[in-house]
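Below: the structure, in structure tokens.
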Amino acid sequence: MGTRLGLSTEELLQGVAAVLDFTRRNRILLDRDGQIFSRIWQEGDREIANGYLPLFRGGPKGLKLQRQPGDEAGRITQWIGSRPTSMMQ
């Protein structure tokens, strides 16, 4: 795969690691069991009050390859945007 993209295996590995790190840092994670990143937490919630989780400002975010016209930019992160400075490009 790396050869087809003109990348070495190490460069491809570093690229995938950077993408995963980007999504982690932006709290774009899937937790099917606890749904920690799929809800809006309040200060009075037990998990927040007891210090199990920090209070995530701004609520959950989703991730798409590319946003659609009706998507709210503050709630949906896209990998490929219309500007050439998009992270994935």
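Okay, here's what the table says:
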| item | result |
| --- | --- |
| When residues of the stretch 6-26 are limited to those that are open to solvent by 100 Å² or more (accessible area, probe 1.4 Å) and within 18 Å of the chain's Cα centre (by Cα), the one farthest from Leu63 (Cα to Cα) | Gln14 |
| Within the stretch 27-39, considering residues that are loosely packed, with under 10 Cβ neighbours inside 10 Å and at pLDDT below 85, the one nearest to Gln78 (Cα to Cα) | Asp31 |
| Looking only at the stretch 55-66, and only at residues there that are aliphatic (A, V, I, L, M) and in contact with a helix residue (DSSP H, G or I) (Cβ under 8 Å, 6 or more places away or on another chain), the one that is most open to solvent (accessible area, probe 1.4 Å) | Leu63 |
| Complete set of residues in the stretch 55-67 that are modelled with pLDDT under 80 and over 14 Å from the mean Cα position of the chain (by Cα) | Arg57 |
| Only listed residue being part of a helix (DSSP H, G or I), at pLDDT below 85 and of a type in the set (D, E, K, R), chosen from Arg24, Arg4 | Arg24 |
| Every residue from the stretch 8-21 that is part of a helix (DSSP H, G or I) and free of Cβ contacts under 8 Å to residues at least 40 places away in the same chain | Thr9, Glu10, Glu11, Leu12, Leu13, Gln14, Gly15, Val16, Ala17, Ala18, Leu20, Asp21 |
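Here is a yes/no grid of residues against (1) more than 24 Å from Leu12 (Cα to Cα); (2) modelled with pLDDT of 90 or more; (3) open to solvent by 50 Å² or more (accessible area, probe 1.4 Å):
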| site | (1), (2), (3) |
| --- | --- |
| Asn50 | yes, yes, yes |
| Leu53 | yes, no, no |
| Pro69 | yes, yes, yes |
| Glu72 | yes, no, yes |
| Ile80 | no, no, yes |
| Met87 | no, no, yes |
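The values are calculated or read from the model by the stated rules, or taken from the named source; none is laboratory data. All values derive from a computational prediction rather than experimental measurement. Positions of Cβ are backbone-derived with ideal geometry, glycine not excepted, and every protein chain shown enters the neighbour counts. With ligands, DNA and RNA removed, areas are computed over all heavy atoms of the protein, side chains included. Shrake-Rupley method; radii C 1.70, N 1.55, O 1.52, S 1.80 Å.
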